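Below is one structure, written out as structure tokens, with a few remarks after it.
The values are calculated or read from the model by the stated rules, or taken from the named source; none is laboratory data. Being a predicted model, the structure only gives us computed values, none of them experimental. Because the Cβ atoms are built from the backbone with ideal geometry, glycine has one as well, and the counts that use them run over all protein chains shown. These area figures cover heavy atoms from the full protein model, side chains too; ligands, DNA and RNA do not enter into them. Shrake-Rupley method; radii C 1.70, N 1.55, O 1.52, S 1.80 Å.
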Amino acid sequence: TPLTGNRFIRGLMTPLSPESVFFTIQSGWPADAVLFATVASINGLKNQESSIAGLTPPDPEFMRVLALMRQIQLSGAVALRVRQESTNQQITLLSFRSQNISPKTLGQIRELRRLLRLDPEASEFSLAFGYSAVNNKEVAIVTRSIMQQLATMASQVDVPAQDLLQGRATPGWETVQANTNAVRLIRIHSSRRPPPDAFVSIEYHGHSFWLDDRDLKSKRVFAFMMMLFTLADTGEHPAQPLVTIPAQ
């Protein structure tokens, strides 16, 4: 129905909520992959940005934060929980430490809090949408919408040469300088025909665009995007009209 379609479009255009990002990490998804795909900035540290003009590399500190969060997640030494207060809608990020934490992990935790300018001793942090935190007990993040994430993926397609010459598309990943710290989110190949073992492929303007079945990182990103699409159509569906046919 049009109402359902409008709801779906709003879901695609609306930035993800900060709590949904951390709920995803809490459920076991890799912290670095989730944050790299869905977040534009954390406490002022900026992720890389893709646009029609090209790609802006991320802040080195942002990438270090992602690496630290993944290492801490893998250690199992710290558990994150998201709590929402029913009275004032305040979102709180809770940090629980295990009893036995290695010196290496403790150092990673200290470095992470230093980079994010967080209280080194606090175990509760307010979670907010914004570019900068108001104090050292707040985690402020700017999230991306699904449409923004799709634009990022589109900027990393291997664009056919003739499409560039004809002005059908802008240059993709090949324009990124090798000496930058830019990170490729996904690798989408293009060719006249996809290989027989392509993970997924689609035809467009005489070319096939496909994912390599051996590219586990790109397959994971694709699966993550499919999961986000299922979340875009939120809310209850309207009741379908009931047609009554009177009996003769």
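Answer with yes or no whether Val134 is part of a loop (DSSP other than H, G, I, E, B), in contact with a strand residue (DSSP E or B) (Cβ under 8 Å, 6 or more places away or on another chain) and within 30 Å of Tyr204 (Cα to Cα). Walk me through how you get there before you give the answer.
Values: part of a loop (DSSP other than H, G, I, E, B): yes; in contact with a strand residue (DSSP E or B) (Cβ under 8 Å, 6 or more places away or on another chain): yes; within 30 Å of Tyr204 (Cα to Cα): no.
No: the conditions fail for Val134.
With in a loop (DSSP other than H, G, I, E, B), among the charged types (D, E, K, R) and under 28 Å from Leu80 (Cα atoms) as the only criterion, which of Glu111, Glu121 stands out? Full working, then the answer.
Working: Glu111 fails: in a loop (DSSP other than H, G, I, E, B).
Result of the check over Glu111, Glu121: Glu121.
Could you check region 150-166 and list, in sequence order, the residues that are modelled with pLDDT under 85 and of a type outside the set (A, V, I, L, M)?
Thr152, Ser155, Gln156
Restrict the check to region 78-96 and report whether at least one residue is out of contact with any helix residue (DSSP H, G or I) (no Cβ under 9 Å at 6 or more places or on another chain) and on the phi > 0 side of the Ramachandran plot.
yes
If you go through region 107-133 one residue at a time, how many are free of Cβ contacts under 8 Å to residues at least 40 places away in the same chain, open to solvent by 30 Å² or more (accessible area, probe 1.4 Å) and closer than 22 Å to Thr38 by Cβ?
Selection size over region 107-133: 1.
Sort out which residues of region 29-42 are under 14 Å from Arg64 (Cα atoms) and surrounded by 21 or more Cβ atoms within 10 Å (Cβ to Cβ), and write them in order of number.
Pass one, region 29-42, residues under 14 Å from Arg64 (Cα atoms): 31-33, 35-36, 41-42.
Ala31, Leu35, Ile42 - these are the residues of region 29-42 that are under 14 Å from Arg64 (Cα atoms) and surrounded by 21 or more Cβ atoms within 10 Å (Cβ to Cβ).
Can you find a residue that is in a loop (DSSP other than H, G, I, E, B), in contact with a helix residue (DSSP H, G or I) (Cβ under 7 Å, 6 or more places away or on another chain) and open to solvent by 60 Å² or more (accessible area, probe 1.4 Å) anywhere in region 206-225?
no
State which residue pairs qualify: first residue within 19 Å of Lys137 (Cα to Cα) and inside region 34-49, second residue acidic (Asp, Glu) and in a helix (DSSP H, G or I) in any location, beta carbons under 6 Å apart, and separation of 6 or more residues or different chains.
Leu45/Glu61
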